[in-house]
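Asker: Input: one structure, supplied below.
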Amino acid sequence: MREEMAQREAAELRRGQRKPRSPHGWGLLEALWLLAFYEPVVTEGHLRRKNLEFIFIRFSAWEFAGCDKLWAGLVTTLCHHVRQHFGALPLSVFHVLGSRPRFASGFSQREWILKKGTCLRLWGLLLVLAVGIAILLVALLVPGIKDHHALKVVGSAVASLSGSSLVLGALSILKNFLVSEKKKIERLTNSDRFAGQLGFMSKIREEVEVLVDYLAFMEVFERRRLRVVMEITSLDLCYPEKVAGVFNAMATLLSDANAPFIFLLAVDPSVIVPCLEQTGCMKGLADNGYLYLNRAVTLPFSIPEMGARSRLRSVAAAIQTREDLMYRIIADNVAKTRGGCCGRGAVAAAPSWKEADSEAVAWIHEAFRCLHDASDVLSRYLPENGANVRRIVNTIPITLRLLLHRAGGAVALEELSPRAAAAWVVLADRWPCRLSWTLQCLEDGGQGRAAEASGKSLWSVFLEHAGELSTLRQPLGKVLSLDGDPELFQAFLARDFPFGAGEARQLLGVTVNLDHSIRQQMGLLRAMARLGRAAPVSRGVQCVPHGA
């Protein structure tokens with residue numbers, strides 16, 4: 001959108017159009033003059049303008065999730081950013097003196113028409129003020145007339161009445177300058193008087209209409225089209241009623257056909273649809289959240305499957321956020337250059353910690369290299385969601401440090417490598433349910449040691465108990481929905497990373513990104529299933545008396 005904006009701007013200048021202006025610097029004085037004494041006109045030339053400016057506003061619904069009225073937070077964010085973009089003074093003057101642009105009659109190219117009524121009223125007030133001041137001065141200074149109290153009263157009354165009108169206008173501008181639209185709406189939301197009345201929404205609507213008229217005025221002034229782009233994120237983290245409130249606010253803002261608003265709604269439909277279906281906004285739509293989304297969203301764009309290059313870029317961006325690793329490398333380099341400055345006591349006290357830390361940093365960098373290597377098969381199993389990629393990148397350093405600490409160094413880890421540990425973290429993140437099931441099957445019945453001794457692989461254990469998992473699909477439905485593609489799980493464990501029981505036992509103690517409560521739930525379900533199968537046998541046993 002920014003590139004499109006720059007290209008259109010350059011194309012308009014090549015066509016010989018006038019250069020756009022902004023309400024900053026000297027442009028602020030020009031904007032105030034036009035606001036006070038001129039009325040904007042939408043001409044044919046203005047409608048033919050192709051250059052435009054996007055005003056980007058990011059609204060994170062999670063920041064306002066604790067508010068009673070989440071949609072009010074959306075409106076206040078909109079008002080605050082528009083005020084911040086153009087400045088507080090032009091908007092304050094527009095509240096008092098501004099007017100919405102009107103369409104030109106015919107093919108006239110005049111974009112500004114003098115406000116004759118405003119000018120006449122102003123000149124009239126100034127004339128009356130001058131006359132009143134003149135009468136007052138004559139009554140006070142001219143000899144022979146000083147004793148006439150009537151002239152003093154008339155002069156002071158005329159001057160005060162005309163001057164008070166000017167002062168009231170200035171005070172109104174000052175009030176709007178000090179009290180922003182955001183504060184007005186927040187005051188309304190905090191008031192119990194308006195909370196349950198129709199007047200509450202009308203007040204909010206009035207503020208939005210003033211904002212829309214102001215944007216239309218600034219379009220003519222800046223000589224380009226304006227579009228306010230609201231990026232709504234984190235909506236799938238809020239309560240259902242808050243989600244419905246944001247959709248209602250969007251409908252309110254878009255109810256005007258000429259409203260210059262564009263909403264970019266970044267959500268997961270699988271989360272949003274159940275939230276909408278739990279609220280009362282589905283009446284008349286057969287409780288179908290997807291139907292509601294289809295009617296509310298005018299341009300659906302489902303992000304396609306992420307390619308290999310996009311996944312590697314996502315990993316690189318997540319790795320760059322690990323400043324702690326970069327800092328430790330720099331600190332180690334500085335320590336090496338100052339190695340001769342330390343005493344023997346300091347050198348003898350800290351070598352084990354420094355060696356362990358440098359060893360962990362080396363392992364972490366090797367693991368990240370494997371993740372970012374396009375030729376490594378591990379990069380193909382990275383998730384498409386950026387949040388999951390960041391989770392993996394944040395988990396790998398902790399896992400490797402714990403692994404080296406428990407083993408007492410890399411020398412003791414003969415079977416494992418940084419690449420294997422990184423693959424284990426990816427496995428736990430992509431398929432938590434199936435991995436937990438496999439580990440629980442290893443644990444139940446003391447199979448762990450036997451499988452470890454026989455060199456049994458995790459995939460063979462999973463295949464052995466896959467039928468039992470399918471019978472528990474209903475109670476484990478929500479947990480199973482966390483897993484990725486089952487075919488990728490098979491390729492991961494059976495072909496690319498055939499983890500054995502011994503490696504699983506070694507890595508399980510340092511696995512921090514796997515919810516262990518899932519395995520506990522699976523253990524209880526397996527135990528109940530075994531008891532259910534054993535119950536008919538116990539009912540067939542008869543007690544024999546002691547005497548017999």
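The values are calculated or read from the model by the stated rules, or taken from the named source; none is laboratory data. In this text, all values refer to a predicted model and were calculated from it rather than measured experimentally. Quick reminder, even Gly has a Cβ in these numbers, built from the backbone with ideal geometry, and neighbours come from all protein chains shown. Side chains are part of the model used for accessible areas, which takes the heavy atoms of the whole protein and leaves out ligands, DNA and RNA. Shrake-Rupley method; radii C 1.70, N 1.55, O 1.52, S 1.80 Å.
Asker: Using only the alpha carbon atoms of segment 1-112, find the Kirkwood hydrodynamic radius as the inverse mean reciprocal pair distance, in angstroms to one decimal. Walk me through the numbers before you get to the answer.
Answerer: On the way: mean 1/r = 0.0595 Å⁻¹.
By the Kirkwood definition, the hydrodynamic radius is 16.8 Å.
Asker: Roughly how many Å² of MET5 are accessible to a 1.4 Å probe, to the nearest 10?
Answerer: 40
Asker: Let me ask something additional. Please compare each pair in LYS115/LYS183; LYS175/LYS203; LYS183/LYS242; LYS19/LYS203 to a cut-off of 26 Å on the Cα-Cα distance and tell me which ones are over it.
Answerer: Numbers: LYS115/LYS183 31 Å; LYS175/LYS203 17 Å; LYS183/LYS242 21 Å; LYS19/LYS203 37 Å.
Violating the 26 Å Cα-Cα cut-off are LYS115/LYS183; LYS19/LYS203.
Asker: So, for segment 1-101, what is the accessible surface per residue at a probe of 1.4 Å, expressed in square angstrom? Before the final figure, lay out each step's value.
Answerer: Values: 5290 Å² over 101 residues.
Solvent-accessible surface per residue comes out at 52 Å².
Asker: I would also like to ask the following. Among 526-532, 287-293, how do they line up from the highest to the lowest mean number of other beta-carbon atoms within 10 Å? Could the numbers behind the result be given before it?
Answerer: Details: 526-532: 12.3, 287-293: 15.6.
In descending order of packing, they fall as 287-293, 526-532.
Asker: For segment 210-227, in order, what is each residue's ³J(HN,Hα) by Karplus, 6.51 cos²θ - 1.76 cosθ + 1.60 with θ = phi - 60°, in whole Hz (x at glycine and Pro)?
Answerer: Values per residue, Gly and Pro as x: 4, 5, 5, 5, 5, 5, 5, 4, 5, 4, 5, 5, 7, 6, 6, 7, 10, 9 Hz.
Asker: Using unit Cβ charges (K, R positive; D, E negative) and no other charged atoms, how large, in debye to the nearest 20, is the dipole of segment 354-533 about its Cα centre?
Answerer: About 560 debye.
Asker: Provide the packing ranking of 88-99, 431-442, i.e. peptides ordered by the mean count of other C-beta atoms within 10 Å per residue, highest first.
Answerer: Numbers: 88-99: 19.0, 431-442: 23.9.
Descending packing order for the listed peptides: 431-442, 88-99.
Asker: Would you give the gap between the C-alpha center of segment 7-86 and the C-alpha center of segment 110-128, rounded to a whole Å?
Answerer: After rounding, the separation between the Cα centres reads 27 Å.
Asker: Report, by chain and number, residues whose modeled amide H sits under 5 Å from the one on ILE55, excluding near sequence neighbours (fewer than 5 apart, same chain).
Answerer: ARG227, VAL228, VAL229
Asker: Each residue of segment 417-427 in order: what ³J(HN,Hα) in whole Hz does its phi give by Karplus 6.51 cos²θ - 1.76 cosθ + 1.60, θ = phi - 60°, with x for Gly and Pro?
Answerer: For segment 417-427, the Karplus curve yields 9, x, 5, 5, 5, 5, 5, 5, 4, 5, 4 Hz.
Asker: If you roll a 1.4 angstrom probe over the protein chains with everything in place, what fraction of the accessible area of segment 354-533 belongs to carbon and sulfur, to the nearest %? Before the final figure, lay out the partial values.
Answerer: Numbers: 4460 of 8490 Å².
That share works out to 52 percent.
Asker: Place +1 on the Cβ of every Lys and Arg and -1 on the Cβ of every Asp and Glu in segment 354-533, take the dipole about the Cα centre, and give the residue among LEU493, THR471, GLY386 whose Cα lies farthest towards its positive end.
Answerer: In segment 354-533, that residue is THR471.
Asker: Related question: In segment 1-71, what trypsin sites (Lys or Arg not before Pro) fall in a loop by DSSP, with at most 12 other Cβ atoms inside 10 Å? Don't jump to the answer; show the numbers that get you there.
Answerer: Working: sites: ARG2, ARG8, ARG14, ARG15, ARG18, ARG21, ARG48, ARG49, LYS50, ARG58, LYS69; in loops: ARG15, ARG18, ARG21, ARG48, ARG49, LYS50, LYS69.
Counting only loop positions with at most 12 other Cβ atoms within 10 Å, the trypsin sites (Lys or Arg not before Pro) in segment 1-71 are ARG15, ARG18, ARG48.
Asker: log10 I(q)/I(0), Debye, Cα-only segment 354-533, no solvent, q = 0.14 Å⁻¹?
Answerer: Each listed q corresponds, in turn, to -0.77.
Asker: With θ set to phi - 60°, apply the Karplus curve 6.51 cos²θ - 1.76 cosθ + 1.60 along segment 487-498 and write out the HN-Hα couplings as whole Hz, x wherever there is a Gly or Pro.
Answerer: Per residue, the Karplus-derived 3J(HN,Hα) values read 5, 5, 4, 5, 5, 5, 7, 7, 10, 7, 9, x Hz.
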